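The structure appears below as structure tokens.
The values are calculated or read from the model by the stated rules, or taken from the named source; none is laboratory data. If you're wondering where the values come from, they're calculated on a predicted model, not measured in any experiment. Cβ coordinates were reconstructed from backbone atoms using ideal geometry, including for glycine residues, and neighbour counts include every protein chain displayed.
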Amino acid sequence: MDFKEIKELIRVFDKSELNKLKVKEGEFEVSMQKGFEGNTVVTTAAPVAAPVAAAPVPVATASAAPAAEAAPAISGDTINSPMVGTYYSSPSPESQPFVKEGDTIKQGQTLCILEAMKIMNEVEAEFDCKILKILVDNASPVEYDMPLFVVEKL
């Protein structure tokens, strides 16, 4: 299954009334489920064949370099983006942001949403912390491993 087919599958699933979908083709497997926490779509994929996996490698390599260069300018612990996507500070434009600078956060609490290929992925805190600085503006593109928040571990 190539990238265009996967993208089309996600688009069709998103517009359908299905709640779950699982597709397996050879070693490739994708599972999609929606309807949890504000209609969030959760997608998981098993290891894919080399032609499909080869496409993202140059992008990840190229995007890791700018993130690594920007990291030294930030002091303290950071929470970094787990993927390439668009950063959203709240679940909808009318809603309050998930977190603000100065907030104390518990492990597992939602920090933001990252949209990748029309799939909304919640980023949760991996540890208790205090948000010292939010480094990304709402609706901004983010790169893999790019710092999103400067935090103080509690």
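Quick rundown of the values:
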{"quantity": "Search result, residues across segment 134-145 that are part of a loop (DSSP other than H, G, I, E, B) and buried (at least 21 other Cβ atoms within 10 Å of the Cβ)", "calculated": "none"}
{"quantity": "Some residue of segment 141-148 being more than 21 Å from S95 (Cβ to Cβ) and of a type in the set (D, E)", "calculated": "yes"}
{"quantity": "Residue satisfying condition, being farther than 26 Å from I10 by Cβ and free of Cβ contacts under 8 Å to residues at least 12 places away in the same chain, within set Q96, Q109", "calculated": "Q96"}
{"quantity": "Selection status of V99, hydrophobic (A, V, I, L, M, F, W, C) and at pLDDT 95 or above", "calculated": "yes"}
{"quantity": "Some residue of segment 68-79 being touching a helix residue (DSSP H, G or I) at 6+ places or on another chain (Cβ under 9 Å), modelled with pLDDT under 95 and more than 30 Å from E5 (Cα to Cα)", "calculated": "yes"}
